[in-house]
Amino acid sequence: MRKKVASSHAIPFWRDIRVLRVVSQILFVTVIAAGIWWLLNNLQTNLKTAGLNISFRFLNNTAGFPISEGLRYDPTNVNGYAFLVGVVNTIRVAVIGIVLATVIGTLVGIARLSNNWLLRKLAALYVETLRNIPLLVVLFFCYFAVMLTALPLVRDSIRLPGFVFLSRRGLYIPSLVPTGSFGTWAWYLIGGLVLATVVYFFRRVQLKRADRPGFPIVWAMPVLLLVVIAGWFLASGNPLSVDVPVLKRFNFEGGMWLSTPFVALVLGLSTYTGAYIAEIVRAGITAVSKGQTEAAKALGLRRTQVLRLVILPQALRVIIPPLTSQYLNLTKNSSLAILIGYYDLMNVATTIFNQTGRAVEMILLVMGSYLSMSLLTSVFMNYYNRRIKLLER
Amino acid sequence: MADDLHTFHSTSNQLPPPSERIPVLRWLKQNLFSSWFNAILTIVAGALIVVLIFGLAKWALGARWEVIPANLKILLVGTYPAEQMWRVWTSLYIIAFLLGLSSGLRSGLIRRISAAAGIASIVLAILPFPWVTRGWTFGVAFAVAVGFGMGYLGKKNRWFKRLEITCWVLSFPIGLVLLNGVGGFLPVIEGRNKWGFVLNLLGAMVGIGLSFPVGVSLALGRRSKLPAIRWVCTAYIELIRGVPLISLLFMASIMLQLLLPASVRPDLVIRAMMTITAFSAAYMAENVRGGLQAIPKGQYEAAYAVGLNGALTTVLIILPQALRAVIPAIVGQFISLFKDTTLFGFIAILELLNISRSILGNLEWRGTIFELYVFIGIIFWILCYSMSYISRRVEKSLGVGER
């Protein structure tokens, strides 16, 4: 009897949430899998009709096209190496761009909060202008209009202080060249780094024991500098010499050459991303409530101390996550290099595709490279974020 | 006591506190010269502004602005045939009319927008363009006015409001068909990838219209309790966000034909729009997810307690609050989608930026590079800035962060 009642009250399976959950997931996965299978099946059929197959062996073939900057490379190198040159070029632009954009962003962000009316408005103008214009327009402007039209020819280069020459052919800067005694000095360099690391951790433990705020780097840095400078004089002769670019008949010789597209790309990316970072910095600083500043002043901290010990640590917590995504954006946006002729990984990949016709493989390589770069950056920034975030008790 | 009463009554005779009038000199001192460091900043910034203004003015006065009016048609509509231009104008009039209609039916922000549209078209009609263009441009203001009149008269009719929403929804496909043409009625226009700024606008509209629902679904999927759905959505979002748009466009231009059967060959423009939608949806999903995370658990529990099921809870309780909280982020994504339409040039679509390069290739207009890029920059600036302005107003009118 009892059994009968229970069965009449049992939920039918089509209304049982436990059954529905499993069934809906199975259905969902089936539909997705069927879609992917359909696409892959098409791919296979299309490749077969075109007489192609998927293989990465073409990476070992001679590339045969020139790349004018980056790692040492010539057209007889293989495709795989050419791609690597592209990856290194992308990283080069991304790193320099990120550093410059952070500097610009921080300065402009602080300027937007300045109590100087004129400066505040100027910073606002900068941010509002750049944030509402497509990056590609900014890049084209930097490359075609500024670099290739407004700048002088190489023989009338603009001379900037410190043997830096700017012209349509790009930027020539002095470079450091290791001399014979570099090997000896390098040992001092390594020794200094090791010693500084030891001092850093020693100081960190010491500060922690004393439960005092402070930066261990303040002790570690002078140690490093001391050892390195001592090494400079103890090694016989200067370990590094400066190679200055000199204008010869047609071009500069010596020094380091940064190509026109490279300069335009770094300029465009860093000013554009700088505008976004400025807003992030501003939002981060305004997020720290005024009471914090007032309380810190009431405790008798100096202005610099208030900024260093109270405002900055709290503002950074707000700033770091969006800053990370801006860094990632900059790295991904550097792929626009292809449109102004800089040999980044996208550009090299497209060139290899045009020469070999390997669409699938090149797309897998490109996406894999960008994904791993994004992943690396976000892993690093997440680690940093975890270190500075609020420890809730 | 009497004294107290007296003082109480006498308050009505009291003058209001003097409003603080800051003399110019004191304002200057407070805002520009409060300390020696501030004074230096002021002088440096002032010098910079003076140099900028003089440089700009000097350049703007000597620039060859005639390149813009001479190529305006190419820039804005590209190779769209001149005898079919009425179709572009008509689609514009439909939007203008609907704007007017809505602003007649409602009040507030929409009125300002339609007023701005009307004034802008009148101002443009005054500029020295060819007379035909000026006539067509003035028509926009006329369409807004007619719409406003109709909306204002039909305000009391509830039936009218429903019609208005239906019209807005229908206007989009009608506009697309009008621009593209249908076999039999309107001649289909070839060379769809060479329509200049129309392509930027269309790309943005299609992208915004499609990526919003897709993004919301992805965000809900990522927060689903069912692991299979969650994993698939998360994988999609992270994959798309990890790669640049240009690599997806590259894929759309060369690999899509490998992934689809030989009989299916989507048009280049459609492929570009699909790509930008797929790209933008992933970012949209992350923005919406931010809003979803801000909803306290009590909202779900309360909704279940009053007997709403999962779908109704999401649609009626959670999404309205979540979306309202992230309006700036969503509009920011719309803006960057609009800006990203300039990347269509990478796959041989002649949108505004790419078509300007073909003008520069013309010997007659060689060296007008600054003029063209400044013009393009200004167009984008005006539209993007208006979008962010509207989003700020909407946010304010919805009272975000005031409760």
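The values are calculated or read from the model by the stated rules, or taken from the named source; none is laboratory data. Note that this is a predicted model, so its numbers are computed, not measured. Here Cβ is always computed from backbone atoms with ideal geometry, including for glycine, and neighbour counts include all displayed protein chains.
Here are the numbers for the structure shown:
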| item | result |
| --- | --- |
| The one condition in (1) of a type in the set (G, A, S); (2) under 30 Å from B:I355 (Cβ atoms); (3) modelled with pLDDT of 90 or more that B:G46 fails to fulfil | (2) |
| Cross-chain or 6+ apart pairs with Cβ under 6 Å, region A:187-209 first and without any contact (Cβ under 8 Å) to a residue 24 or more places away in the chain, then part of a helix (DSSP H, G or I) and of a type in the set (V, I, T) | none |
| Conditions (1) in contact with a Pro (Cβ under 8 Å, 6 or more places away or on another chain); (2) assigned by TED's automatic domain parsing to the domain that holds A:A123; number of the one not met by A:I91 | (1) |
| Among (1) surrounded by 15 or more Cβ atoms within 10 Å (Cβ to Cβ); (2) away from chain B (no Cβ under 14 Å); (3) under 30 Å from A:S270 (Cα atoms) - the single one A:V93 does not satisfy | (2) |
| Breaking point among (1) crowded, with 16+ Cβ neighbours inside 10 Å; (2) within 22 Å of the chain's Cα centre (by Cα), for B:L259 | (2) |
| Out of B:A235, B:A272, sole residue that is small (G, A, S) and under 29 Å from B:V169 (Cα atoms) | B:A272 |
| Failed criterion for A:I104 (all others in (1) modelled with pLDDT of 90 or more; (2) surrounded by fewer than 14 Cβ atoms within 10 Å (Cβ to Cβ); (3) under 36 Å from the mean Cα position of the chain (by Cα) hold) | (2) |
| Any chance B:S34 is surrounded by 14 or more Cβ atoms within 10 Å (Cβ to Cβ), farther than 26 Å from B:Y373 by Cα, of a type in the set (S, T, Y) and modelled with pLDDT of 90 or more | no |
| Residue in region B:105-112 that is polar (S, T, N, Q), outside the structural domain of B:M387 (by TED's automatic domain parsing) and surrounded by fewer than 18 Cβ atoms within 10 Å (Cβ to Cβ) present | yes |
| Number of the condition not met by B:I189 [criteria: (1) at pLDDT 90 or above; (2) in a loop (DSSP other than H, G, I, E, B)] | (1) |
| Which listed residue is under 30 Å from B:M387 (Cα atoms) and aliphatic (A, V, I, L, M), from A:L52, A:L71, A:L47, A:L118 | A:L118 |
| Test result for A:L316, over 23 Å from A:R92 (Cα atoms) and not in a helix (DSSP H, G or I) | no |
| The listed residue being without any contact (Cβ under 8 Å) to a residue 60 or more places away in the chain, buried (at least 16 other Cβ atoms within 10 Å of the Cβ) and part of a helix (DSSP H, G or I), out of B:V144, B:V177, B:V132, B:V169 | B:V144 |
| Cβ-Cβ under 7 Å pairs, at least 6 apart or on other chains, region B:373-384 side within 8 Å of chain A (Cβ to nearest Cβ) and free of Cβ contacts under 8 Å to residues at least 40 places away in the same chain, far side part of a helix (DSSP H, G or I) and among the aromatic types (F, W, Y) | B:Y373/A:F140; B:Y373/A:F141 |
| Looking only at region A:68-84, and only at residues there that are surrounded by 15 or more Cβ atoms within 10 Å (Cβ to Cβ) and of a type in the set (S, T, N, Q), the one that is farthest from A:F353 (Cα to Cα) | A:N77 |
| Strands (runs of 3 or more DSSP E) wholly inside region A:112-180 containing at least 1 residues that are among the basic types (K, R), modelled with pLDDT of 90 or more and touching a strand residue (DSSP E or B) at 6+ places or on another chain (Cβ under 8 Å) | none |
| Pick from region B:239-292, criterion within 11 Å of chain A (Cβ to nearest Cβ) and of a type in the set (D, E, K, R), ranking: farthest from A:Q44 (Cα to Cα) | B:E286 |
| Matching residues, region A:198-229, being loosely packed, with under 13 Cβ neighbours inside 10 Å and within 13 Å of A:Y188 (Cβ to Cβ) | A:L225, A:I229 |
| Meets criteria (touching a Pro at 6+ places or on another chain (Cβ under 7 Å), modelled with pLDDT under 95 and more than 10 Å from every other protein chain (Cβ to nearest Cβ)) for A:L309 | yes |
| Residue check, B:A262 out of contact with any His (no Cβ under 7 Å at 6 or more places or on another chain) and within 29 Å of B:L201 (Cα to Cα) | no |
| Top-ranked residue of region B:341-370 - restricted to ones that are within 7 Å of chain A (Cβ to nearest Cβ) and of a type outside the set (S, T, N, Q), ranked as nearest to B:Y80 (Cα to Cα) | B:L353 |
| Residue tally, condition touching a Phe, Trp or Tyr at 6+ places or on another chain (Cβ under 7 Å) and touching a residue at least 40 places away in the same chain (Cβ under 8 Å), over region B:222-240 | 1 |
| Members of region A:121-145 that are facing another protein chain (nearest Cβ under 9 Å) and either among the basic types (K, R) or over 27 Å from B:L41 (Cα atoms) (or both) | A:K121, A:R131, A:I133, A:P134, A:L135, A:L136, A:V137, A:V138, A:F140, A:F141, A:F144, A:A145 |
| Tally of residues being within 36 Å of the chain's Cα centre (by Cα), in a helix (DSSP H, G or I) and not hydrophobic (A, V, I, L, M, F, W, C) across region A:14-70 | 3 |
| Sole exception among (1) crowded, with 17+ Cβ neighbours inside 10 Å; (2) without any contact (Cβ under 8 Å) to a residue 24 or more places away in the chain for A:L299, by number | (1) |
| Hits in region A:27-76 - residues which are aromatic (F, W, Y) and either within 22 Å of A:A349 (Cα to Cα) or in contact with a Gly (Cβ under 6 Å, 6 or more places away or on another chain) (or both) | A:F56, A:F58, A:F65, A:Y73 |
| Within region B:241-328, helices (runs of 4 or more DSSP H) holding 2 or more residues that are in contact (Cβ under 8 Å) with a residue 24 or more places away in the chain | B:245-254, B:268-293, B:319-325 |
| Residues within region A:230-253 that are touching a residue at least 40 places away in the same chain (Cβ under 8 Å), surrounded by fewer than 18 Cβ atoms within 10 Å (Cβ to Cβ), farther than 13 Å from A:S157 by Cβ and not aliphatic (A, V, I, L, M), tallied | 6 |
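To keep it simple, each residue is scored yes or no on (1) out of contact with any strand residue (DSSP E or B) (no Cβ under 9 Å at 6 or more places or on another chain); (2) more than 29 Å from B:I349 (Cα to Cα).
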position	(1), (2)
B:I68	yes, no
B:L76	no, no
B:T90	yes, no
B:L98	yes, yes
B:S102	yes, yes
B:I119	yes, yes
B:R134	yes, no
